[in-house]
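The values are calculated or read from the model by the stated rules, or taken from the named source; none is laboratory data. The structure displayed is predicted, hence computed values, not measured ones. Cβ sites come from the backbone with ideal geometry, for glycine too, and all protein chains shown count toward neighbours. Surface accessibility is based on the protein's heavy atoms, side chains included, excluding ligands, DNA and RNA. Shrake-Rupley method; radii C 1.70, N 1.55, O 1.52, S 1.80 Å.
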Amino acid sequence: GSSAMLVRLTELLYVEVLRRYMQQLGVGQTGWLAGVQDAEVGRALRLLHAQPEREWTIEELAREVGVSRSGLAQRFTELTGESPMRYLTGWRIQLAKNLMLQLALPIAEVADRVGYESEAAFNRAFKRNVGVPPATWRKRSA
């Protein structure tokens, strides 16, 4: 029981440190945590994280959040430092990396799970973001 309690206390400590850090973010701070604190951008981030495989457009994301397309794009970029679609691509690549390391899935299945319609599109996006194709990255990281 003590190891389970230690794990839980560690989680609580982490959450408290993160909460306090977020409270101390100054005006003009950018990044993911700054975006999470904003009502509209935070909602957009939650949607992107919950459904990364969805075929998002900025119009559809803005409609789900309940704001204008241009307003969301501008606010999101101001707070996070990147556009919503660029953020989504980065998030998908992070998820793909985790899938490739944790599961022995074919690259095509990884691509499908993170929202790419084709393995070729996934390969291009991965290489553009990481610098090497997914298969090469997987071999180097294994």
Failed criterion for Ala39 (all others in (1) open to solvent by 60 Å² or more (accessible area, probe 1.4 Å); (2) closer than 30 Å to Ala142 by Cα; (3) at pLDDT below 90 hold): (2)
Need pairs with beta-carbon distance below 7 Å; first residue part of a helix (DSSP H, G or I) and within segment 38-49, second small (Gly, Ala, Ser) and surrounded by 16 or more Cβ atoms within 10 Å (Cβ to Cβ); sequence gap 6+ or separate chains. Val41/Gly35; Gly42/Gly35; Leu45/Gly35
I'd like to check which helices (runs of 4 or more DSSP H) are fully inside segment 50-142 and have at least 1 residues that are under 15 Å from the mean Cα position of the chain (by Cα). 58-65, 69-80, 84-102, 107-113, 119-130
Considering only residues of segment 13-36 that are in a helix (DSSP H, G or I), of a type in the set (A, V, I, L, M, F, W, C) and surrounded by fewer than 13 Cβ atoms within 10 Å (Cβ to Cβ), which is modelled with the highest pLDDT? Leu13
Counted residues in segment 74-91 being in contact with a Leu (Cβ under 9 Å, 6 or more places away or on another chain) and either open to solvent by less than 50 Å² (accessible area, probe 1.4 Å) or in contact (Cβ under 8 Å) with a residue 40 or more places away in the chain (or both) come to 6
For a quick check of your reading of the model, give me the residue pairs whose first member lies in segment 52-66 and is over 15 Å from Glu40 (Cβ atoms), whose second is basic (Lys, Arg), with beta-carbon atoms closer than 6 Å and at least 6 apart or on different chains. Pro52/Arg92
